[in-house]
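Here's the structure we're looking at; comments come further down.
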Number of protein chains: 2
Amino acid sequence: MDHVLSEDRRALKHVQVREYVRSLVSDGVPGTPAPSERELVAKFGVARMTVRQAMDALVIEGLLERVPGRGTFVARPRRTVSTVLSFSEDMTRRGMAPESHTLLARREQAGPGVARALDILEGDAVIHWRRLRRADGEPMSLQDTYLPELHLPGFLEPGGMPPSLYEELAQRRLRPTWVEDSYSSDVANAAEAALLEIEQGAPVLRRQRRGVAGEKVIEVSRSIYRGDRYNLHVQLGQAD
Amino acid sequence: MDHVLSEDRRALKHVQVREYVRSLVSDGVPGTPAPSERELVAKFGVARMTVRQAMDALVIEGLLERVPGRGTFVARPRRTVSTVLSFSEDMTRRGMAPESHTLLARREQAGPGVARALDILEGDAVIHWRRLRRADGEPMSLQDTYLPELHLPGFLEPGGMPPSLYEELAQRRLRPTWVEDSYSSDVANAAEAALLEIEQGAPVLRRQRRGVAGEKVIEVSRSIYRGDRYNLHVQLGQAD
DNA sequence: TAGTGGTCTAGACCACGAA
DNA sequence: TCGTGGTCTAGACCACTAA
């Protein structure tokens, strides 16, 4: 008998089969055949339903594709749609080096607009964080972020803000998994122009973001991007 | 025995169970319990694996949620992400009445840029369609759309363009199911300003779109939106 | 303790595709 | 004809939740 299954009784069989197939197939060219279900039954000494459970997961994931009567094959990668990115991730994808300079970081009382957007009460404590974001050393964006202090105890304390907002939120399992962004085209005012090192009246892209983690609104922000340096890229799929 | 299963032998059992549960549950409040798996086994006289196959589909769909040890319940609707919209659909969602005025509609030879974007050869025939789009009677956008004539025989002929591009493409089963958009903030030049009835130098949002249906690039377009009238709204989800 | 979903078995018959 | 995935059965034991 093949000693393929881990001795660790805690490892579920369908998970072991799934990960075995994934390792076989993850760097495969689309169209490459995966082992047949009955092959895996023989190899692992499990029931066919167990193998199917393992393969089902990979099919749902988009890694495999079943063709009745022929077999199971590596699927062509699905076209991806845009996901939630932090500024740092966005710049890194563009091949630029992100930087962050804190201009302001303090506790404030939520005004009516921020309170409504954050789904908290007017006057509740919020963390207001204003940053100048650079890419490859040059100003790219100005961001005003508001966070509900209630859900982020100790965020403001330890002598400084975290190096990365989204990574800090991720560690607290509060990174936004869903955002609602609104973009508009406008021109820079004098103060913005000075910080971004552009001319007053130069075109900028303004973004308002509401970021949601689970059921909680965890971030509200207003950002300005230099129109001469920043293009917004979005990939959208279709509704079902 | 319950005569719940259809007499129609062609109807698969797991499909019948699935649709039965869906009908019970589709207009239910989140948290409402679905029948237990063993209840459905008894009611339909099928194996539990068959019931689980039916429920799996509804769980994947996001309609149901399993809670081990407790039961299966109507899930709260997932937050939706942005999908591909036509100008008309976009305006309608905003509660405005869309209009379209064709400024130009003719066959052209693809230039290098359009050819590359459409994944065709330079010099291949393309349909170039230029439209002024109004919302509630006022100019909103200027759109230059390029379509590969190869995939759209007879598109230009019948004495006029179709009233709606995306509906015409949908009828040919060529409506884009995936798009790649690039937005930038800029200012209007003299010609654009005249058509959009704004001042030269006023802020505008420029969009470049590549629309893909199946494996074919079916649309390439450049659009200008008035910055004083148009905000882009996007909802994004997370990567897995 | 009773009921739930999660996992798993060891078979079976079917329609379909390729040789 | 043979191998494939699709469907289906009639059980089983487990961990967990709620009463």
## Note on the structure
Rounded to the nearest whole number, the Stokes-Einstein translational diffusion coefficient of the stretch A:104-191 at 10 °C and 1.306 mPa s (Kirkwood radius, C-alpha pairs) in µm²/s is 108 µm²/s
### Query
Excluding ligands, DNA and RNA, what is the solvent-accessible area per residue of the stretch A:87-226 at a probe of 1.4 Å, expressed in Å²?
47 Å²
### Message
Given the C-alpha atoms of the stretch B:2-74, compute the convex hull and give its volume per residue in Å³.
### Response
86 Å³
## Note on the structure
Charge tally for neighbours of B:LEU174 with beta carbon under 13 Å away, counting Lys, Arg as +1 and Asp, Glu as -1, is -1
### Task
Report, in degrees rounded to the nearest 10, the 0 to 90 angle that the Cα long axis of helix A:13-25 makes with the longest principal axis of chain A.
80 degrees
### Query
Which semi-axes, in whole Å and largest first, does the equivalent ellipsoid of chain A have when worked out from the alpha carbon gyration tensor as the square roots of 5 times its eigenvalues?
47, 22, 16
### Message
If I stretch the segment between A:VAL67 and A:HIS151 completely, what's the gain in nm (0.36 nm per residue apart, minus their alpha carbon distance), one decimal?
### Response
25.4 nm
### Query
So what is the relative contact order for chain B, in percent, with contacts set as C-alpha pairs under 8 Å and at least six apart?
14 percent
### Summary
Sparse-neighbourhood loop hits (trypsin sites (Lys or Arg not before Pro), the stretch A:5-91; DSSP loop; Cβ within 10 Å at most 10 others) -> A:ARG9, A:ARG10, A:ARG70
### Task
Calculate the translational D of the stretch B:59-124 in whole µm² s⁻¹ from Stokes-Einstein, where the hydrodynamic radius comes from the Kirkwood formula applied to all Cα pairs, the temperature is 4 °C and the viscosity 1.567 mPa s.
75 µm²/s
### Message
At most 12 other C-beta atoms within 10 Å and a DSSP loop state: those are the exposed GluC sites (Glu not before Pro) I care about. Give me the longest piece of chain B that has none.
### Response
B:8-121
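Which value, in Å², gives the accessible area per residue of the stretch A:2-74 when a 1.4 Å probe is used on the protein heavy atoms?
With the other protein chains kept in place, the stretch A:2-74 gives 62 Å² per residue.
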### Query
Roughly how big is the A-B contact, given as buried accessible area in Å² (both sides, 1.4 Å probe, nearest 100)?
3300 Å²
### Task
Between B:LEU121 and A:ALA105, with labels modelled 7 Å along Cα→Cβ, what's the label distance in nm to one decimal, could you check?
5.9 nm
#### Entry: Cubic angstrom per residue, convex hull over Cα atoms of the protein assembly as shown
226 Å³
### Message
Within the stretch B:2-74, what whole-number % of the accessible surface is contributed by carbon and sulfur, with the 1.4 Å probe and all protein chains included in the calculation?
### Response
53 percent
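The values are calculated or read from the model by the stated rules, or taken from the named source; none is laboratory data. Keep in mind the model is a prediction, meaning the values are calculated, not measured. Virtual Cβ from ideal backbone geometry, glycine too; neighbours counted across all protein chains shown. Surface areas here come from the heavy atoms of the whole protein model, side chains and all, with no ligands, DNA or RNA. Shrake-Rupley method; radii C 1.70, N 1.55, O 1.52, S 1.80 Å.
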